[in-house]
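Heads up: the structure comes next, in structure tokens.
The values are calculated or read from the model by the stated rules, or taken from the named source; none is laboratory data. Small disclaimer: the values here were computed from a predicted structure and weren't measured. Because the Cβ atoms are built from the backbone with ideal geometry, glycine has one as well, and the counts that use them run over all protein chains shown. To get the accessible areas, we keep the full protein, side chains included, count just its heavy atoms, and leave off ligands, DNA and RNA. Shrake-Rupley method; radii C 1.70, N 1.55, O 1.52, S 1.80 Å.
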Amino acid sequence: MKNQLSLFVAALATLFITLTASAQGEWKWAHYWSGGDGISYGDYYNQITNTAFDDEGNIYVYGTMGGDAVFDGLTLQYTTHPQVLSKKDRTILLAKFDTLGNMLWHKEMKSDNGAASPRWMEVRNNKVFVAADCGFYGYQSDSWLYYWDTLITRMQINSLPQEQQKPPYKAFSRWTCLAQFDLDGNLLEDHFVQTYSRESFFNGSNWLRYDYTLCQTAGAAPTPVHVDNNGNYYIYTPIQYKGTENEPFTIIVDGDSNKTYNLYLPGNTDSENSQSLINNAMLYKFSSSGELLFAKLLIDHTDGIAPTYSTGDSINRYYYTYFKGLSFDEDDNMYLTGYVTLANCLNGHGGELNNYPVHIWWDISHCSTIQDITSANYCNFVIKYDTNGEILWNSQIFTRGNTDTEASAYWNRCTLCDNSLYITGTGFYKPTGNALIYFDSEDNYLQRFQNALSNIGFFVRYDKLTGQYLNHGIIPAEQAVSGYLPAIINNRIFSFSNVNYNYRIISQWRTDGVYIGSDTLSSPMPLADGSLIANEGGNLLVNFRANAPVCFDNNVSVNCPSSQSSAVFALYHNPEFTQPFVPDDSVGIDEYYQNREREIYLYPNPTDGQTTVCGYMYGYRSIELYDLQGRKLGDLVVTRHGTSLQSVPSSSLPVIDLSPYPSGTYLVKINFNRGVSVVRKVVKR
């Protein structure tokens, strides 16, 4: 018994070392900002849109904050204009930090009515590029707009000549700002894009058209933006439009009549239905000087959707598009991920009227398929475009089932490494039914966890040239939600994931899909939203939204208030991350896993009923029970046994229960995802 106990402790130590692949790393620092939130549910003003590293390892953070803001508990004294932060409305914040976490500079943008939303930020060619939506309604004479370095008032605008009253010096206007800064925070160039709907309204004296930012859908999914090697902006955004086809959808850049573009979108052809909203998405490309190079609808047409809900529109309006990720390769080809939901294809809402399969056509030859009601909630897509916006290939997640709740999956953001495209995602199975989630073919399916109602965090890998499915990997934690952005450095894939909204877990894989290990924040906390980026210096920068204090390892913490949202970002460094992952210098990857699998054993053994499967148990698919004659007796129901590895909730080991079986000797077969099995004897007393 003493030897067995020693072996058990040694195996746990081996498992801990294996899982905690970042044992040499540590959290360096963490910061937060917080301020007043909105009055409606979901009005979390303090959050981070995205982050970036420059070549020197400096960090750029882009997001929003509420009024009366604090930074690490201290009142923010960002500007000489206290009204910029004193009101409860949102303020856009762009800030730069060095590798030690010291703030180097900051910029803000805010309107006095809260119309300020950050869309995207990235660092490229020693410049910081941002996209933001803002407006200046100017209903009162003392209305104001704080635009990066300048306080603009309604009285100032009224004193300008008419030809100079252009965004941002224009009252009663909304626009999208495309701006460039140098690495010291100096504004180099900016352009302002306004869109005008096809629909007209009468203001008492004139017929006018509604003006919008590029992203017209309030509260929509993130707006992917990218700047290519030539400084061109690519913007993908949901769009809602109404009106007849003979009325133009108009785009104006910088208030310039020479940069005015009229688009005649497909849609309603009769005045009776002209007021119906049409949902789609628009793909824009702007030059560095602000000229529109192209604008096209994401969805070309659909078929199979119930005609009852079409109202004579060639673009069926009963779907909603959500963008999740955008990546570019060295040739500036675009890779777009997201999903489409069909609002009237669910049970109880006319789902039986649809002609499955439903097809969502991206152009005349590429489409995604909704083969049954399971994918009406999430029709996932990944599309590759060239620089002219022409589609090169597309792929999707497939689901199979009898109801819309049996199985579902959705992708998040994507990233490129070498010749592969990686996409993180989350899947969900019900314990019953013939449901399946798969990629490319049913042979490449997303396995489910043993217990019921588990989220499955995963990533998928595609050949970026052909779109061919290559492999996928699983986050080995039940109820895991995949990170928003996979980060790849030196043969390692990192994902920052949510587990039951109580823990954040950083998972690692090799780029061939082999799981390396996981680390978590050291204490449970309510968290939501977040992402992770990495650089070649072995640094990981995580960010998320919190509404309670957050503790990291290495005595790093942030004392976020519990009464409102906070934007948290923290730096983790591990020198091991600067090198490709090699499990053992003396062996290859296959031999490494064979060695780990040889160490698997059952404890206690013999057992009166329950026994724990100990050892390297990540990536197993199922556990089966056989008699000594090789006859299968059944699949063993696995529960989770909490071990002493409290820092890794997902490392709890599987417990199998032999209580229903008579005394005797049995064979326990453990099947792994990589196509091998391990068999161990167990004695039931």
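General observations
- If you filter segment 195-218 down to residues that are touching a Lys or Arg at 6+ places or on another chain (Cβ under 7 Å) and assigned to a strand (DSSP E or B), you find that the one that is surrounded by the fewest Cβ atoms within 10 Å (Cβ to Cβ) is 200.
- Meets criteria (surrounded by fewer than 22 Cβ atoms within 10 Å (Cβ to Cβ), on the phi > 0 side of the Ramachandran plot, of a type outside the set (Val, Ile, Thr) and modelled with pLDDT of 90 or more) for residue 290: yes
- For segment 228-249, filtered to residues that are within 28 Å of residue 164 (Cβ to Cβ) and in a strand (DSSP E or B), the residue that is nearest to the chain's Cα centre (by Cα) is 235.
- For segment 119-146, the tally of residues that are more than 26 Å from residue 232 (Cα to Cα) and among the charged types (D, E, K, R) stands at 1.
- Each residue in segment 388-407 was checked for being of a type in the set (S, T, N, Q), surrounded by fewer than 24 Cβ atoms within 10 Å (Cβ to Cβ) and not in a loop (DSSP other than H, G, I, E, B), and 2 of them qualify.
- Selection status of residue 245, charged (D, E, K, R) and open to solvent by 50 Å² or more (accessible area, probe 1.4 Å): yes
- Conditions (1) open to solvent by less than 70 Å² (accessible area, probe 1.4 Å); (2) modelled with pLDDT of 80 or more; (3) not in a helix (DSSP H, G or I); (4) not basic (Lys, Arg); number of the one not met by residue 633: (1)
- Residue in segment 121-134 that is farther than 26 Å from residue 413 by Cβ and either in a loop (DSSP other than H, G, I, E, B) or of a type outside the set (A, V, I, L, M) (or both) present: no
- Members of segment 168-187 found to be more than 28 Å from the chain's Cα centre (by Cα) and at pLDDT below 95, listed by number: 168, 169, 170, 171, 172, 173
- Residue ID - modelled with the lowest pLDDT, chosen from residues in segment 15-51 that are part of a helix (DSSP H, G or I) and open to solvent by less than 50 Å² (accessible area, probe 1.4 Å): 15
- Of all residues in segment 134-164, those being out of contact with any helix residue (DSSP H, G or I) (no Cβ under 6 Å at 6 or more places or on another chain) and open to solvent by 10 Å² or more (accessible area, probe 1.4 Å) number 20.
- Annotation note: of 104, 160, the sole residue that is farther than 22 Å from residue 236 by Cβ and part of a strand (DSSP E or B) is 104.
- A Cβ distance below 8 Å, combined with a sequence gap of six or more or placement on separate chains, defines the contacts here; from segment 544-566, residues that are without any contact (Cβ under 8 Å) to a residue 24 or more places away in the chain reach residues that are outside any loop (DSSP other than H, G, I, E, B) and not acidic (Asp, Glu) in the pairs 547/566.
- Residue 252 meets the conditions (1) part of a loop (DSSP other than H, G, I, E, B); (2) in contact with a helix residue (DSSP H, G or I) (Cβ under 7 Å, 6 or more places away or on another chain); (3) modelled with pLDDT of 90 or more in every case but one. The failed one is (1).
- Residue in segment 168-176 that is outside any strand (DSSP E or B), touching a residue at least 40 places away in the same chain (Cβ under 8 Å) and either open to solvent by less than 80 Å² (accessible area, probe 1.4 Å) or touching a strand residue (DSSP E or B) at 6+ places or on another chain (Cβ under 8 Å) (or both) present: yes
- Taking segment 378-387 as the range and being surrounded by fewer than 22 Cβ atoms within 10 Å (Cβ to Cβ) and among the polar types (S, T, N, Q) as the test, only 387 passes.
- Scanning segment 594-610 for residues that are among the charged types (D, E, K, R) and part of a loop (DSSP other than H, G, I, E, B) turns up 599, 608.
- Complete set of residues in segment 548-565 that are over 23 Å from the mean Cα position of the chain (by Cα), part of a loop (DSSP other than H, G, I, E, B), buried (at least 16 other Cβ atoms within 10 Å of the Cβ) and at pLDDT below 85: 553
- Residues that are of a type in the set (A, V, I, L, M) and surrounded by fewer than 17 Cβ atoms within 10 Å (Cβ to Cβ), drawn from segment 177-194: 187, 188
- Residues considered: 423, 475. Of these, the only one that is at pLDDT 85 or above and closer than 19 Å to residue 509 by Cβ is 423.
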